[in-house]
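**Q** Structure in C-alpha cells, see below.
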Amino acid sequence: MHAIFYRVQILFFCNLAHTTKIMKIIRFKNEISAAIKGFKERGKTIGFVPTMGALHDGHKALVTRCVSENDICIVSIFVNPTQFNNIVDLEKYPRNLERDAEMLEKAGCKLIFAPNPEEIYDSVEMSNQFSFDFNGLDKVMEGKFRPGHFNGVVQIVSKLFSLIQPDKAYFGEKDFQQLAIIHHMVKVLNFKVKIIDCPIVREPSGLALSSRNERLTEAQRKNAVEISKVLIESRNFAPKLSPKELTEWIINKMNTVPDLKVEYYEIVNSKSLQILDSWTEPAVGCIAVFCGEVRLIDNIRYNS
Ligand code: PAF
C-alpha cells in the first residue's frame, strides 16, 4: 500500500514539475523535518501558513505576507479529518493540489507540506477526540454548533507547529474564534511562534472570501453580499442599542433576505469570546449564516 502511494506521489511530483519548476512538495514527516533542520542550521527564519487547500485570494494574502516577512515560507495543505463533525463534509471538501501549487508558486512559496492522514495520525488519534483545555473559548459560536471541531484544529495545528517550528504563523481573521483559540494554544503549550492576525479579504461587493463561495449560485451570491452590508450597517446602532438588542436586530434583518438563515449571531469580547451585555469591552460580532445549503461565517469589530 505504502509503495503504491509512493509511486503515485513520485508520478504526481513529476507531472507537477513541468508546470512548477522550483516548487517542492513534501509528503513525509521525516523529509520536512530534515528540510527544517537544514533551514535552522543556516539561520533562516521560517514563516508558516497552515491550510486545508482549495486556496483563494484570502490564502494568497496570507502567503504573500509570509513570503515577504520570512526567509522561507512553508504552506501546509492537509484536509484535517479530525476537525470535521460530518463525514459527508469531509468527503465533499474540494481537493486540487495541482491548482493550489500553481497559485502558491505564483505567490512566491517554494515549499508545500501535503501529508496524507496516515502520515499524521495513528489509528488511536484518528478515532479518539483530542483533549485540550480551551478555558471556555470553545463553548460559544462555532464551538457550540460544531462540537469537537476545535479539538481537531488544536490537534493538527499543534502537531504542525511541533514539526515545522515556525518563527511566525499566519491566520485569517475571518475564522475569528479559531484565531483566538490558536493564540490561547500557543500560550498554554508554550510554542515559540509569533501568530500574525491577518485581516479578512473581501470581494469588491463586501462578501468575505471563502472556499465555500464557489458553491453559491449567482442568485445566492447576490443575497450573500447582504451579510457584510448588514454587519457594516449595524455599526451605526452599536452605542444606541444594547448588544442583545443589536443581536436581535441583525438576526431579524438577515433572515428577511432571501436564501439567508442565521445559525447564530453573537457579540463577544474579542479576547475571551464571552457574550457581552454592554459596550464597555472590546466587542466583535460573529455570524454563521446559511445561504441555501452553504454555511458562511463573517465578523465585524465594533469598538476594538
Ligand atoms: O483554517 C483552516 O483552514 C484550518 O482550520 C487549519 C488552521 C488549516 C487547520 O486544519
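The values are calculated or read from the model by the stated rules, or taken from the named source; none is laboratory data. Keep in mind that what you see is a predicted model, and the values were worked out from it rather than measured. Positions of Cβ are backbone-derived with ideal geometry, glycine not excepted, and every protein chain shown enters the neighbour counts.
**Q** Of E248, E266, which residue is in a strand (DSSP E or B) and among the acidic types (D, E)? Give the steps one after another, and end with the answer.
**A** Values: E248 fails: in a strand (DSSP E or B).
Only one candidate passes the filter, namely E266.
**Q** Mind counting the residues in the range 276-304 that are in contact (Cβ under 8 Å) with a residue 60 or more places away in the chain, in a strand (DSSP E or B) and surrounded by fewer than 16 Cβ atoms within 10 Å (Cβ to Cβ)?
**A** First, pick out the residues of the range 276-304 that are in contact (Cβ under 8 Å) with a residue 60 or more places away in the chain: 284, 286-289, 291-300, 302-303.
Now narrow it down to the ones that are in a strand (DSSP E or B): 284, 286-289, 291, 294-300.
With the extra rule that they be surrounded by fewer than 16 Cβ atoms within 10 Å (Cβ to Cβ), the set shrinks to none.
Total meeting the criteria: 0.
**Q** When residues of the range 189-235 are filtered for being β-branched (V, I, T) and more than 20 Å from the chain's Cα centre (by Cα), how many remain? Break it down into steps so the answer makes sense when it comes.
**A** We begin by selecting, within the range 189-235, every residue β-branched (V, I, T); these are 193, 195-196, 200-201, 217, 225, 227, 230, 232.
Going one step further and asking which of them are more than 20 Å from the chain's Cα centre (by Cα), we end up with 217, 225, 230, 232.
Selection size over the range 189-235: 4.
**Q** Out of the residues in the range 185-206 that are within 14 Å of the ligand (Cβ to nearest atom) and more than 21 Å from K29 (Cα to Cα), which is surrounded by the most Cβ atoms within 10 Å (Cβ to Cβ)?
**A** Top of the filtered list is M185.
**Q** Quick one: which residue in N213, N116 is more than 19 Å from G285 (Cβ to Cβ) and modelled with pLDDT under 95?
**A** N213
**Q** Out of everything in the range 144-179 that is away from the ligand (no atom under 13 Å from the Cβ) and outside any loop (DSSP other than H, G, I, E, B), what residue ends up being nearest to S270 (Cα to Cα)?
**A** K144
A quick yes/no check of all residues on (1) over 26 Å from R215 (Cα atoms); (2) crowded, with 18+ Cβ neighbours inside 10 Å; (3) touching a Ser or Thr at 6+ places or on another chain (Cβ under 7 Å):
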site	(1), (2), (3)
D71	yes, no, yes
L90	no, no, no
K110	yes, no, no
E119	yes, no, no
S123	yes, no, no
